[in-house]
Amino acid sequence: MLTTADFRKGLAILVEGQPYLIMDYSVQTPSARGSATLVRIKGRNVITGQVLDMTFKAGEKFQEPDLERRKINFLYAAGDEFHFMDEQSFEQFHLDRETLQDAARWLREGITLRSVVFQGAVVGIELPQFVELKVVETGPGGRSDMASGKVTKPATLENGTQIRVPVYLDGGETVMVDTTTGEFVRRVSGK
């Protein structure tokens, strides 16, 4: 059993039968005598992807969810179905666009990532923080961000995703993109 004292970022807990990953937490100590210390968390439901703010009394107990992470490869997309293969068992499975949500836009054939398995069923995927994708085409450059001094232009990646890249990049180059922010990180040389 876990208690609120065990809370940390990335910890998985079971709340009302649903698995949640703790994205952030804070402890609120009251100034009044006799009041309970509260622990506030921002948790992401592993199954639905919904993010909730929850508050618990210090010392509350939680069960650990039956979560497992396995290495998988993305094989291909057929319409709104995305097909994957487990690297250990070589079993193939598919998830739909609704289940994957925003993660679908960072997939490319052959990418290695992790599946999230809850009670024996794959409920989602975890992307690596950075992915390398080829720039198919770039638009006209020139939009300037005055605060940072960066000049960017729109670019379309090999999987159809649109991002902004520096003006010196051209189509055919490979770039590294941060999957958490959707922003250009750097040009990948030698590819």
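Among strands (runs of 3 or more DSSP E) entirely within region 1-68, having at least 3 residues that are loosely packed, with under 15 Cβ neighbours inside 10 Å singles out 18-28, 51-57. If you go through region 1-31 and pick out every residue that is small (Gly, Ala, Ser) and over 20 Å from the mean Cα position of the chain (by Cα), you end up with 4.
Going by the structure shown, is Asp66 under 22 Å from the mean Cα position of the chain (by Cα) and free of Cβ contacts under 8 Å to residues at least 12 places away in the same chain? No; evaluated as a whole, the condition is false for this residue.
Taking Leu14 and the conditions (1) of a type outside the set (Lys, Arg); (2) touching a residue at least 60 places away in the same chain (Cβ under 8 Å); (3) in contact with a Phe, Trp or Tyr (Cβ under 8 Å, 6 or more places away or on another chain), which numbered condition does it fall short on, given that it satisfies the others? Leu14 satisfies all of (1) of a type outside the set (Lys, Arg); (2) touching a residue at least 60 places away in the same chain (Cβ under 8 Å); (3) in contact with a Phe, Trp or Tyr (Cβ under 8 Å, 6 or more places away or on another chain) except (2). The single condition from (1) touching a His at 6+ places or on another chain (Cβ under 8 Å); (2) of a type outside the set (Phe, Trp, Tyr); (3) more than 22 Å from Val122 (Cα to Cα) that Leu2 fails is (1). Might you let me know whether region 141-148 holds any residue that is among the acidic types (Asp, Glu), touching a helix residue (DSSP H, G or I) at 6+ places or on another chain (Cβ under 6 Å) and either surrounded by fewer than 16 Cβ atoms within 10 Å (Cβ to Cβ) or not assigned by TED's automatic domain parsing to the domain that holds Gln50 (or both)? No, because not a single residue in region 141-148 is among the acidic types (Asp, Glu), touching a helix residue (DSSP H, G or I) at 6+ places or on another chain (Cβ under 6 Å) and either surrounded by fewer than 16 Cβ atoms within 10 Å (Cβ to Cβ) or not assigned by TED's automatic domain parsing to the domain that holds Gln50 (or both).
Residues that are out of contact with any Phe, Trp or Tyr (no Cβ under 8 Å at 6 or more places or on another chain) and within 22 Å of Arg187 (Cα to Cα) number at least 3 in the following strands (runs of 3 or more DSSP E) confined to region 70-173: 130-138, 143-145, 150-157. Output the residues belonging to region 69-88 that are polar (S, T, N, Q) and surrounded by fewer than 14 Cβ atoms within 10 Å (Cβ to Cβ). Within region 69-88, just Gln88 meets the criteria. When the test is whether a residue is among the polar types (S, T, N, Q) and closer than 20 Å to Val116 by Cβ, Gln18 passes it. Picking from residues in region 89-104 that are out of contact with any His (no Cβ under 6 Å at 6 or more places or on another chain), surrounded by 14 or more Cβ atoms within 10 Å (Cβ to Cβ) and not hydrophobic (A, V, I, L, M, F, W, C), the one that is nearest to Ile125 (Cα to Cα) is Thr99.
The values are calculated or read from the model by the stated rules, or taken from the named source; none is laboratory data. All values reported here derive from a predicted model rather than from experimental measurement. Glycine also receives a Cβ, built like all others from the backbone with ideal geometry; neighbour counts cover every protein chain displayed.
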